1. Do you know the Lys pair count in segment 5-185 for C-alpha distances under 20 Å, with sequence separation 8 or more or different chains?
2. Can you sort Tyr74, Tyr88, Tyr186 by how many other beta carbons sit within 10 Å, fewest first?
3. In nanometres, what is the gap between the two model label sites at Arg60 and Asp28, each 7 Å from Cα along Cα-to-Cβ?
4. Output ³J(HN,Hα) for segment 75-81: one whole-Hz value per residue in order, computed from phi by the Karplus curve 6.51 cos²θ - 1.76 cosθ + 1.60 with θ = phi - 60°, and x for Gly and Pro.
5. Of all DSSP beta bridges in segment 1-128, what percent run antiparallel (nearest 5)?
6. Could you pull the Cα extents of the chain along its three principal axes, largest to smallest, in whole Å?
7. Where the centroid of each part is defined by its Cα atoms, how far is segment 1-18 from segment 90-131 in Å?
8. Can you sort Leu135, Leu15 by how many other beta carbons sit within 10 Å, fewest first?
Amino acid sequence: MSFQIVVIGTSLGGLSALKIILEKLPKDFSVPIAIVQHRHKESNNVLQQLLQESIFLPIREVEDKDEILPRHVYLAPPDYHLLVEPGYFALSIDEPVSYARPSIDVLFESAADIYGEQVIGIILTGANHDGMQGLKKIKARGGTTIVQKPATAESCIMPEAAISAVAVDWILTLSDIADQMVKLCY
C-alpha cells in the first residue's frame, strides 16, 4: 500500500505527544503529515518553533492552496479548518466542529474523501470527542487507523472516544506509533 498522507489530531497534551512521534521519524520519511492541534485562535507560530527544534522534517503552518509535498509536516493554523484537496490544502473559516476550529474531524473527513485507503489517521491525547467521526470515515474508506493507548495519554478522553466508535487498526504508545508509521510507509 502506498500512502498519500498521514493526518494526526490532538488537543490537550498534544505538544509533547507530537514531539515524541515526530522526533522518531527519519529525515527521509516521505509521506506528508498534516496535523490539527487544538490551540487558541490568538496563538502565534510558537507550536511550529517548538516542534522544529528537534525534528528533521520541515514543519510549516499551512497557507491556503499550499501544495502537499513529500517529506513535510503541515500544521493547521489557529482558527482555520484545514482541508485536503487533490494535491493541495485549503483553509476554511466555517463554523467550529466539536467546538473546535481547526477541527480534527474536518481534516480527517476531507483526507478520506480525497485519498480513501491511502490515508493513515492518528488520534492522540485530547479532552473532547473531536476526531472520532473523522477517524470513522477514514476507516470506512479503507484507510488505516491508529489511536494512542489511552492509559499513556495526558488526557484519555479523545483516544477513548475514538476507540469506542471505530474498530481501529492499532492502539499504541507514542513511541510505537512512530515505529508503526515507518513500517507502514517504507
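FYI, it's all coordinate maths here, none of it is from the lab. Here the structure is a predicted model, which is why all the values come from computation and not from measurement. Every residue, glycine among them, receives a Cβ derived from its backbone with ideal geometry; neighbour counts consider all protein chains shown.
1. Going through segment 5-185 pair by pair, I get 10.
2. Details: Tyr74 25, Tyr88 14, Tyr186 10.
Ascending Cβ contact count within 10 Å gives the list Tyr186, Tyr88, Tyr74.
3. That separation, rounded to one decimal, is 2.3 nm.
4. Along segment 75-81, the couplings run 10, 5, x, x, 6, 10, 6 Hz.
5. Antiparallel bridges: around 30 percent, rounded to the nearest 5.
6. Per principal axis, max minus min of the Cα coordinates gives 36, 33, 30 Å.
7. After rounding, the separation between the Cα centres reads 11 Å.
8. Fewest-to-most ranking of Leu135, Leu15: Leu15, Leu135.
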